[in-house]
Amino acid sequence: MTAQTLLEQFLRQAERLDIAVFPDRPTPALKEWLDKIRTATGFQQAWVDPDMENSPPFLEEALSGSGFQGAFPLEPQEINSSPNVALGVTRADFGLAYSGSLAFIRANPLVTLVPAGLLAVLDAKKILPAYKELFLALTSPLPAILSLVAGPSQTSDIEKKLIKGVHGPKWVAILLDG
Amino acid sequence: MAERVGFFVPCLIDNFEPDVAIHAIEVLKFAGFAVVVPKNQTCCGQPWFNVGLPKLALPYIERFVNCFDGLELDAVVVPSGSCASFLAKHAPETAKRKPGLYKKMKELSAKIREFSDLAYGKLKGVPLALPRPTRVFYHNSCHMGRELGIIEPPLALIDQTGGVKREEIPLPLPCCGFGGAFSTLLPFLSYRIGERKLEEIAKTGAEVVISADSGCLMHLSSIAKKRPNNVRFVHLASFLYEALPKP
Amino acid sequence: MRTRFPLLDTPSPNLQLEANLDNAIAHYFQKRALTLAEIPEYQDLVQRARNIRLDTLNDLPSHLKRFRGVLENAGVRVIEAKSAEEARRAVSDIAKRHDVKRAVKSKSMLSEEVRLNEFLEESGVEVVETDLGELIVQLAKEKPSHILTPCIHKSQREIAELFSRVFKRDVPDEESAIAELARVFLREKFFSADMGLTGVNFGVAETGTLAFVENEGNLRYCALLPRVHVALMGIERIAPDMETLGTLLTVLTLAGTGQRAGAYTTLLSPPEFGRKAPKQGRFFYLILVDNGRSGLLSDPKRRETLACIRCGACLNACVVYRHIGGHAYQAPYMGPIGAILMPGIHPKGTEHLGFFSTLCGACREICPVGIDIPGQLLAVREQFFRHATRSPARGVRYLAFLLASHIGRHPRVASLARRVLRLMLAAPCLKHVLGWGKVRDLPVPASRSFQERFWGDRTDAA
């Protein structure tokens, strides 16, 4: 499978999972998405994962442009005292074409879980077909935590109605890099 | 030369709906089979097997073998998906409990053919027609569909019959709730499931319910009797018999 | 007093329950159909998953040995629990050792099986269920009624009323309001809990990796936030290596919810299991629970039951489950899988579950690892009658089937019986003697059988 087909499949599945995808430059769509989270949550705090390498240069500006503030990057221990973080920003290591899942290895697992929104930077060349290829790509020993996120936190426990944002992020977006 | 088929009569048909057997034989003859009916048949033994007492099914398997072995048959035709699935899939394994029985039962089991499956092979495309236009619903028995994998032949036979409109249920309940001994062990539950199945069927507007299993039909019709409706319950063999070209 | 269940003990159905189950299960089938329509190779996946599970079970002791070896070499604390009692005690000992006051817990059928919550509560630990469905069931002081959707028996209105009562405020009949209330309530619990309790979907023998699948994110909180994480795992839940794990994860969510993947899949590997600073007072324990599984494993006819990966699909497919609901099984596992698993691991009071089935085979058809559930149900029924002397009711049932088998096996006796039945049904008072007569009119037998008509009445003539 060519990298292009993998990317197309990945984006198709991501769309079904209600994951927004933005190019890696400032766009009105990204601003709209950030504004939405800022307004809906009423919180200003964003948590940019310190493990994140090469954060796109415009990102900091985009965040402050939408009114996000606070410690940045936020220290993990601060999360405990302030669980009401609006947005987590980190880098995903891989995407899976089969399911639209994002795979996080280096990211602090809590940054993908605690905030109301998750913005993941993903290298467009890092799309793998499915679990099998992902597991092969991981070097031994395996990471202490491999975290896969396929869309917003959700439940169908009440009359099988889909509810988003139960404990983890209600909004998930990808900033597609490269 | 005409294919020689042995006719197994399921005990429910034998004792409750003898006409169905006569209709089935007529349809098979029309289809060009030479039909042999061995004497002194009994139940196939499935009820005891299904209830967890396979040992008690053994005498029945033995009788089945005695009735049908050595008749040089091309097939043994069974007008019940449920009995056919037992004889084809489970009887040989059960027969292992009695020395000498397994081999003969295994040979016979390979010849077991469910009625509609066998008939369809010959009647495909042959013109059939009901005397008057009818809306029908076909209920596939669980053993016929899920154990034997026979789904298309009865539908095709019905669909090729002139004057018939076949109705379907979206996302149907998977079972009518009969389940043989289940209906006596958990009678309220069995009744309720049947009632729900009838509600589903009523929504289709069908006037005739067709099945290739007398168990399902007896179960559903016994519940329907307690409810106001004008639905008829007909075995596929009787339905086809009605639709045969009249001389 | 024994609880009386609609349709088992009483003739009237529980219409509210039926409606709730119908609604939820219809949603399930719609979602499933949409997803599977785009995965033409699904049946091949099922076959592969089935082979993986059966091969693993056939060689389970060596897989387990390898799994334990990897974990112990990495310094992970693995505790083997032979029984439910040992499992409960192990968790409670850990709680004591680490001075645990509050535990947050994700959904784990195994914890229900070993009755962990009651035991921990008795020893003074507050246990908070954090899966929304489990929380609802816990607040209602009930048990889960479905493997995947614990509160499937409840309507939204019932849940809103429950929350209004428990949280002493007016909770509107809206799913988002209920979920938001639970989110705020639980978030505080996550951040203040001393211990997280989770199940395990699969343990990988080759790497010691533990795989967890969920949709809400609560499991991830339970595993990662509290200073102690205790995971309970049934000994059969082994995947030999990472490749087979991939296949099992794939069929698990496709069958369970019609999703290609759960919203959160978490793979924790030794030595840290996600705890990047184990030296800073963070602890992980794995409890491997047998509790009767070895018995099933050693019976080649019954081993297949252990192939189950707990997706819950067979419950949705089962016409019996859909009418009586999960509570009527009075067991931690319900539906078709409960009916074959419970009598295997805990025969006392559960062998009758083998009869909670019409043998329609819808469960086998939907099972993502192709377990021959009807075949296993037959084995349970045999087990029931092997113990026929255990109760008078069982003995009577056996004698009835024995008598019937003697009547039916001789054509002449059977013919006589038919005539007697015909006479009995003519007398209205006798109708009720027969099982069917309780609820419906028995069909009246023909005056002459087919064979008598075909051959003349002398059926014995050669």
Quiz item: Which of (1) in contact with a Gly (Cβ under 8 Å, 6 or more places away or on another chain); (2) within 7 Å of another protein chain (Cβ to nearest Cβ) does B:Cys175 not meet, given it meets every other one?
Solution: (1)
Exercise. Identify all residues within the stretch C:351-372 that are more than 8 Å from chain B (Cβ to nearest Cβ) and either crowded, with 22+ Cβ neighbours inside 10 Å or part of a helix (DSSP H, G or I) (or both); write none if there are none.
Key: C:Glu351, C:His352, C:Leu353, C:Cys363, C:Ile366, C:Cys367, C:Pro368, C:Val369, C:Ile371
Quiz item: Mind checking which pairs have a first residue in the stretch C:49-66 that is β-branched (Val, Ile, Thr) and a second that is in a helix (DSSP H, G or I), Cβ under 7 Å, 6 or more apart or different chains?
Solution: C:Ile52/C:Thr244; C:Ile52/C:Thr247; C:Ile52/C:Leu248; C:Thr56/C:His63
Quiz item: If C:Thr389 satisfies every condition in (1) within 11 Å of chain B (Cβ to nearest Cβ); (2) over 14 Å from B:Gly52 (Cα atoms) but one, which is the exception?
Solution: (1)
Practice problem: Return yes or no: is C:Thr3 crowded, with 17+ Cβ neighbours inside 10 Å and either touching a strand residue (DSSP E or B) at 6+ places or on another chain (Cβ under 8 Å) or at pLDDT below 95 (or both)? | Solution: no
Quiz item: Given the structure, is B:Ala34 small (Gly, Ala, Ser) and buried (at least 23 other Cβ atoms within 10 Å of the Cβ)?
Solution: no
Quiz prompt | Options B:Glu26, B:Glu107; residue that is more than 20 Å from B:Gly180 (Cβ to Cβ), touching a residue at least 40 places away in the same chain (Cβ under 8 Å) and surrounded by fewer than 21 Cβ atoms within 10 Å (Cβ to Cβ) | solution = B:Glu26
Quiz prompt | Scope the stretch A:146-178; condition of a type in the set (A, V, I, L, M), touching a strand residue (DSSP E or B) at 6+ places or on another chain (Cβ under 7 Å) and assigned to a loop (DSSP other than H, G, I, E, B); matching residues | solution = A:Leu162, A:Val166
Quiz item: Within the stretch A:92-121, how many residues are under 19 Å from C:Leu267 (Cβ atoms), more than 11 Å from chain C (Cβ to nearest Cβ) and at pLDDT 90 or above?
Solution: 5
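Listed here are the residues, each with its yes/no results for (1) assigned to a helix (DSSP H, G or I); (2) under 18 Å from C:Pro445 (Cβ atoms); (3) of a type in the set (Asp, Glu).
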| residue | (1), (2), (3) |
| --- | --- |
| C:Pro374 | yes, no, no |
| C:Leu378 | yes, no, no |
| C:Glu382 | yes, no, yes |
| C:Phe385 | yes, no, no |
| C:Tyr398 | yes, no, no |
| C:Phe401 | yes, no, no |
| C:His406 | yes, no, no |
| C:Arg412 | yes, yes, no |
Practice problem: Test B:Leu87 against the criterion of being under 18 Å from the mean Cα position of the chain (by Cα) and surrounded by fewer than 24 Cβ atoms within 10 Å (Cβ to Cβ), and give yes or no. | Solution: no
Quiz item: Quick one: B:Ala206 ticks every box in (1) more than 14 Å from chain C (Cβ to nearest Cβ); (2) surrounded by fewer than 16 Cβ atoms within 10 Å (Cβ to Cβ); (3) part of a loop (DSSP other than H, G, I, E, B) bar one, so which box is it?
Solution: (2)
Quiz item: Mind checking whether some residue in the stretch B:149-157 is buried (at least 19 other Cβ atoms within 10 Å of the Cβ), within 21 Å of B:Val231 (Cβ to Cβ), away from every other protein chain (no Cβ under 13 Å) and modelled with pLDDT of 95 or more?
Solution: yes
Exercise. Take the residues in the stretch C:208-231 that are surrounded by fewer than 24 Cβ atoms within 10 Å (Cβ to Cβ) and part of a loop (DSSP other than H, G, I, E, B), then tell me which one is modelled with the highest pLDDT.
Key: C:Arg227
Quiz item: Among the residues of the stretch B:91-108, how many are under 21 Å from B:Gly52 (Cβ atoms) and in a helix (DSSP H, G or I)?
Solution: 8
Quiz item: Only one residue in B:Ser183, B:Ser190 is at pLDDT below 95, within 12 Å of another protein chain (Cβ to nearest Cβ), surrounded by 19 or more Cβ atoms within 10 Å (Cβ to Cβ) and part of a helix (DSSP H, G or I). Which one?
Solution: B:Ser183
Quiz item: In the stretch C:254-269, is there at least one residue being surrounded by 24 or more Cβ atoms within 10 Å (Cβ to Cβ), more than 8 Å from chain A (Cβ to nearest Cβ) and either touching a residue at least 40 places away in the same chain (Cβ under 8 Å) or outside any loop (DSSP other than H, G, I, E, B) (or both)?
Solution: yes
Quiz item: Of the residues A:Val89, A:Val85, which is at pLDDT 90 or above, under 14 Å from A:Gly117 (Cβ atoms) and among the β-branched types (Val, Ile, Thr)?
Solution: A:Val89
Quiz item: Of everything in the stretch B:39-52 that's buried (at least 23 other Cβ atoms within 10 Å of the Cβ) and facing another protein chain (nearest Cβ under 7 Å), which residue is farthest from the chain's Cα centre (by Cα)?
Solution: B:Gly52
Quiz prompt | Residue list for the stretch C:125-152, filter: within 11 Å of chain A (Cβ to nearest Cβ), of a type outside the set (A, V, I, L, M, F, W, C) and in contact (Cβ under 8 Å) with a residue 40 or more places away in the chain | solution = C:Thr130, C:Asp131, C:Pro144, C:His146, C:Thr149, C:Pro150
Exercise. Kindly list, by first and then second residue, each pair from a residue in the stretch B:184-202 that is touching a residue at least 24 places away in the same chain (Cβ under 8 Å) and aromatic (Phe, Trp, Tyr) to a residue that is crowded, with 23+ Cβ neighbours inside 10 Å and outside any helix (DSSP H, G or I), limited to pairs with Cβ atoms under 8 Å and residues at least 6 apart or on different chains.
Key: B:Tyr191/B:Gly177
Practice problem: Identify all residues within the stretch C:54-88 that are closer than 21 Å to A:Ala144 by Cβ, modelled with pLDDT of 95 or more and loosely packed, with under 14 Cβ neighbours inside 10 Å; write none if there are none. | Solution: C:Gly69
Exercise. Keeping to the stretch A:132-151, report how many residues are facing chain C (nearest Cβ under 7 Å) and within 18 Å of C:Arg260 (Cα to Cα).
Key: 8
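The values are calculated or read from the model by the stated rules, or taken from the named source; none is laboratory data. None of these values were measured; they are calculated from a predicted model. Neighbour counts run over all protein chains shown; Cβ positions are idealised from the backbone, glycine included.
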